[in-house]
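The values are calculated or read from the model by the stated rules, or taken from the named source; none is laboratory data. What you are looking at is a predicted structure, and each value in this text was computed from that prediction instead of being measured. Cβ coordinates were reconstructed from backbone atoms using ideal geometry, including for glycine residues, and neighbour counts include every protein chain displayed.
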Amino acid sequence: MSSIQLGSDGALRHLLTLEGLARERLTALLDTADAFRESHERGVKAMPILRGRTLVGLFFEPSTRTRVSFEIAARKLSADVVHFDIAQSSTRKGESVHDTLATLAALGCDLFVVRHQTAGTAAHLAERLPEGCALINAGDGEHAHPTQGLLDALTIRQRKGGFAGLKVAIVGDIRHSRVARSDVHALLALGVEEIRLCGPPQLLPEVAPAGCRVEPSADRAVAGADVVIALRLQKERMEAGLVPSEDEYFRDFGIDARRLALAAPDAILMHPGPINRGVEIASEVADGPQSVILEQVRNGVFVRMAVMAHLAGAR
Amino acid sequence: MSSIQLGSDGALRHLLTLEGLARERLTALLDTADAFRESHERGVKAMPILRGRTLVGLFFEPSTRTRVSFEIAARKLSADVVHFDIAQSSTRKGESVHDTLATLAALGCDLFVVRHQTAGTAAHLAERLPEGCALINAGDGEHAHPTQGLLDALTIRQRKGGFAGLKVAIVGDIRHSRVARSDVHALLALGVEEIRLCGPPQLLPEVAPAGCRVEPSADRAVAGADVVIALRLQKERMEAGLVPSEDEYFRDFGIDARRLALAAPDAILMHPGPINRGVEIASEVADGPQSVILEQVRNGVFVRMAVMAHLAGAR
Amino acid sequence: MSSIQLGSDGALRHLLTLEGLARERLTALLDTADAFRESHERGVKAMPILRGRTLVGLFFEPSTRTRVSFEIAARKLSADVVHFDIAQSSTRKGESVHDTLATLAALGCDLFVVRHQTAGTAAHLAERLPEGCALINAGDGEHAHPTQGLLDALTIRQRKGGFAGLKVAIVGDIRHSRVARSDVHALLALGVEEIRLCGPPQLLPEVAPAGCRVEPSADRAVAGADVVIALRLQKERMEAGLVPSEDEYFRDFGIDARRLALAAPDAILMHPGPINRGVEIASEVADGPQSVILEQVRNGVFVRMAVMAHLAGAR
């Protein structure tokens with residue numbers, strides 16, 4: 001867990017990881033997200049919670065859906081959004097990332113959303129941000145993607161009413177997945193009964209995280225599960241020879257109608273997106289009645305609003 | 001005509017093409033555009049018609065002027081605008097365009113402006129958009145560019161008072177031009193007397209559209225015309241050998257002072273931009289008193305506001 | 001000096017250069033910037049001074065910090081900001097820059113911020129802008145960077161209380177620096193006692209500007225100075241063989257603790273950013289108590305607000 005994300009008063013100063021966050025805090029974040037969703041559905045278009053604050057996204061790895069989700073969330077809370085194109089920035093001219101952030105803070109940016117290919121970058125940058133600035137980790141290497149963990153938890157809670165007694169199967173490249181890591185942190189803290197981690201041997205963690213069970217067979221991992229989370233297969237894994245072929249991967253680990261039928265009858269199917277149809281998920285189930293993939297996307301906006309509101313001290 | 005752009009109640013749900021739109025609807029759109037222009041000129045800076053709605057532009061073919069025009073129009077109606085860079089998006093990671101749109105809709109985007117190199121893409125995407133979302137075709141291959149057709153019609157109506165009795169010459173690459181196609185649909189429905197289509201033999205349509213006359217000689221096409229529309233010559237045509245050289249093209253089809261003098265004395269000169277000076281149009285007339293090229297640009301904003309307002313159900 | 005930046009009534013119509021601007025006008029701009037800074041610090045988030053105006057940035061040379069600074073400044077004054085990506089624009093399709101600007105003006109843009117690699121471009125473009133549009137030079141080749149000159153002057157005034165009696169050392173590539181040029185224009189007009197220009201022989205001006213003293217030794221330039229301005233060393237100078245090596249440059253012209261200690265005890269250290277640590281400036285002083293580098297960044301926003309407000313006729 002990251003010691004710098006909580007202030008000495010216990011308030012959330014940054015959101016770097018879900019590891020170590022107490023159930024009460026996670027629940028409070030999900031409650032806020034639900035409240036924002038209800039306001040939205042009642043027709044409230046914008047709230048002044050972040051008026052006068054300025055969000056800037058620094059995406060060292062490109063990501064449209066996450067960037068847009070944060071941007072829409074920030075606007076709904078009346079924040080300004082600054083567009084920052086890493087590819088055209090001074091970091092290209094040799095400026096250090098720290099200096100770039102210090103400059104943006106001096107310009108008035110005070111909410112930083114950072115995605116970076118290297119684990120630990122979010123914490124590293126947050127440490128040196130000036131007082132009054134907050135940083136949200138939008139994915140750092142294989143380390144964490146905390147807002148994804150929260151939006152997955154929110155989607156599960158909405159559909160299942162709670163976490164007690166739930167069996168969750170996560171299928172795919174567990175070893176390299178920041179999504180899996182953040183899901184595990186959130187779901188264990190929130191009290192699911194069992195998490196099963198499933199994937200090709202080379203993509204399983206060397207040591208199963210406490211509270212999780214490694215299950216090499218996808219059929220057995222999915223059997224009786226209440227929640228099935230398919231992970232995106234990165235093309236890099238294929239290129240690195242860690243996965244034989246898309247066809248074999250789909251046969252052994254892809255979620256299709258036959259495999260999903262092994263889960264609990266009312267199981268929900270999740271995926272962080274973007275999906276590779278016919279690789280880790282079949283179209284018949286991605287577009288089927290058990291899929292909550294677009295619900296996850298929708299919840300992402302409300303979860304990010306909740307995180308920003310908590311960071312701003314509003315509850 | 002596209003059957004999906006009208007709802008069962010006859011309301012405009014998407015704007016995909018002008019083909020098949022009745023004169024009354026076209027006139028209503030132009031009237032709304034005129035009203036927006038008058039409001040603007042009276043100093044009204046913004047109207048709340050699209051408050052809470054979110055526009056996203058998906059430009060698979062880059063276009064600055066059209067993108068900016070839609071963005072300014074959306075802002076004047078108080079919509080939010082999301083920036084979506086196709087080049088950095090998940091469609092590059094293999095996500096289908098349908099999934100990208102479904103994701104953006106789940107994020108809260110509900111007004112899609114799409115430009116794509118393939119004819120039919122706009123309709124194809126509109127068909128699968130969720131309820132409550134509208135799509136505006138900002139150009140699909142050689143098929144249609146309906147807002148250009150409307151802004152051209154608006155410009156003509158402002159300058160000529162109406163359409164009855166007008167002779168219109170369109171000069172250039174008729175065969176591949178979505179601008180020409182949308183102009184023809186708009187102007188015939190609005191009741192011009194005659195449309196003359198002129199260009200090199202290889203760039204003329206194989207069959208003249210009903211109501212149009214093909215005229216291989218630019219001098220004869222322009223003679224007596226009330227409106228002369230020069231089309232942009234795409235460099236691809238030259239490279240494909242469909243046009244001999246810029247010089248020859250200019251001599252045979254370029255609009256210069258001599259050729260424009262063959263038109264009616266009060267003829268107006270139009271061009272969809274960006275212009276190739278010295279290729280399809282001479283600077284002396286592009287910047288001359290008969291040119292309404294910048295009026296077209298100005299009207300583009302008001303026409304796009306009108307289309308969005310009609311799509312939103314406001315009239 | 002540029003004759004077109006002042007209207008016949010003496011009002012500021014564009015900001016192209018500081019050369020020739022009277023001390024009274026510079027002082028008025030700094031006063032407005034100070035007032036905006038105070039409002040901001042009292043918690044005023046936005047002012048309606050530019051409501052209904054639309055700023056567009058045309059950065060032919062990429063620059064994130066300057067672009068963001070203008071954008072934040074414009075938003076604080078309630079202007080709309082249009083994103084214009086030169087790399088994807090029609091100027092790439094062969095459209096002239098004049099036609100691009102005329103098109104943007106027809107679309108409703110009326111505040112143009114232009115950075116270009118060629119000296120004189122800003123004035124050249126401003127000349128042909130339609131009535132009601134204003135242009136701010138954000139750097140044109142080696143010619144001028146007037147908002148940088150103003151923000152440097154503001155930072156000095158805030159720290160030193162005024163300009164009389166001040167000794168200023170500017171160290172680096174004086175010959176090619178638009179920052180140095182604009183600083184000299186501002187500081188001489190505002191009444192500093194002495195400006196010393198220092199750099200490698202090939203990077204010094206052939207003729208020292210009136211009121212400046214060329215000083216080849218960095219130690220002597222810095223000795224007793226109240227203000228030390230280190231300029232960024234462009235990699236191009238190194239590649240062109242105008243500078244031997246980073247190490248030699250740092251030894252001879254870099255500002256480190258030893259060299260800064262030669263200045264007045266309360267001297268301030270400035271740099272336009274982004275900084276090359278260990279090339280023109282040592283980390284120990286860049287991050288030290290005499291450094292006002294982030295103050296410069298902060299003041300940039302307020303100075304740009306002041307320039308826009310003056311251009312809009314508000315004082």
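Observations
- The residue list C:104, C:135 contains one member that is under 23 Å from the mean Cα position of the chain (by Cα) and either at positive phi or in the same structural domain as residue C:77 (by TED's automatic domain parsing) (or both), which is C:135.
- Tally of residues being in contact (Cβ under 8 Å) with a residue 40 or more places away in the chain and not aliphatic (A, V, I, L, M) across the range B:269-290: 6
- Enumeration of residues in the range B:300-315 that are assigned to a helix (DSSP H, G or I) and either under 15 Å from the mean Cα position of the chain (by Cα) or farther than 25 Å from residue C:110 by Cβ (or both): B:300, B:301, B:302, B:303, B:304, B:305, B:306, B:307, B:308, B:310, B:311
- Members of the range A:37-60 found to be within 12 Å of chain C (Cβ to nearest Cβ) and over 25 Å from residue A:145 (Cα atoms), listed by number: A:48, A:51, A:52
- Residue match in the range C:252-260 (condition: out of contact with any helix residue (DSSP H, G or I) (no Cβ under 7 Å at 6 or more places or on another chain) and basic (Lys, Arg)): yes
- Matching entry among C:192, C:243, C:227, C:222 (being modelled with pLDDT under 95 and of a type in the set (A, V, I, L, M, F, W, C)): C:243
- Hey, residue C:112 of a type in the set (Phe, Trp, Tyr) and closer than 30 Å to residue B:271 by Cβ or not: yes
- Filter result for residue C:232 (touching a Pro at 6+ places or on another chain (Cβ under 9 Å) and within 14 Å of chain A (Cβ to nearest Cβ)): yes
- Residue satisfying all of: in the range A:211-255; of a type in the set (Ser, Thr, Tyr) and assigned to a loop (DSSP other than H, G, I, E, B); surrounded by the fewest Cβ atoms within 10 Å (Cβ to Cβ) among these: A:245
- Qualifying positions in the range B:171-184 - more than 21 Å from residue B:21 (Cβ to Cβ) and touching a residue at least 60 places away in the same chain (Cβ under 8 Å): B:171, B:172, B:173, B:176
- Taking the range C:185-205 as the range and being touching a residue at least 24 places away in the same chain (Cβ under 8 Å), closer than 27 Å to residue C:241 by Cβ and out of contact with any helix residue (DSSP H, G or I) (no Cβ under 8 Å at 6 or more places or on another chain) as the test, the residues that pass are C:202, C:204, C:205.
- All positions within the range A:256-272 that are in a helix (DSSP H, G or I) and surrounded by 15 or more Cβ atoms within 10 Å (Cβ to Cβ): A:259, A:260
- Output for the range B:191-202, where each listed residue is surrounded by fewer than 22 Cβ atoms within 10 Å (Cβ to Cβ) and within 19 Å of the chain's Cα centre (by Cα): B:191
- The residues listed here are B:37, B:65, B:25; of these, the one that is surrounded by fewer than 23 Cβ atoms within 10 Å (Cβ to Cβ), part of a helix (DSSP H, G or I) and within 16 Å of the chain's Cα centre (by Cα) is B:65.
- Screening residue B:208 on (1) touching a strand residue (DSSP E or B) at 6+ places or on another chain (Cβ under 6 Å); (2) modelled with pLDDT of 95 or more shows it passes everything except condition (2).
- So residue A:280, is it under 23 Å from the mean Cα position of the chain (by Cα) and farther than 30 Å from residue A:55 by Cβ: yes
- Enumeration of residues in the range A:108-152 that are within 14 Å of another protein chain (Cβ to nearest Cβ) and free of Cβ contacts under 8 Å to residues at least 24 places away in the same chain: A:131, A:132
- Some residue of the range C:225-243 being in contact (Cβ under 8 Å) with a residue 40 or more places away in the chain and farther than 21 Å from residue C:178 by Cβ: yes
- Selection from the range B:258-315 of residues that are away from every other protein chain (no Cβ under 14 Å) and among the acidic types (Asp, Glu): B:266, B:284
- Total residues in the range C:61-83, condition within 14 Å of chain B (Cβ to nearest Cβ) and in contact with a Ser or Thr (Cβ under 8 Å, 6 or more places away or on another chain): 4
- Checking B:291, B:283 one by one, the residue that is among the hydroxyl-bearing types (Ser, Thr, Tyr) and within 21 Å of residue B:179 (Cα to Cα) is B:291 and no other.
- Residue within the range C:291-299 that is more than 19 Å from the chain's Cα centre (by Cα), without any contact (Cβ under 8 Å) to a residue 40 or more places away in the chain and in the same structural domain as residue C:161 (by TED's automatic domain parsing) present: no
- Boolean, residue C:55 is modelled with pLDDT of 90 or more, in a loop (DSSP other than H, G, I, E, B) and touching an Asp or Glu at 6+ places or on another chain (Cβ under 9 Å): no
- Selection within the range C:59-83 - among the β-branched types (Val, Ile, Thr), more than 19 Å from residue B:72 (Cα to Cα) and in contact with a strand residue (DSSP E or B) (Cβ under 7 Å, 6 or more places away or on another chain): C:66, C:68
- From the list B:4, B:72, B:49, the one residue that fits, being touching a residue at least 60 places away in the same chain (Cβ under 8 Å), closer than 19 Å to residue C:109 by Cβ and of a type in the set (A, V, I, L, M, F, W, C), is B:72.
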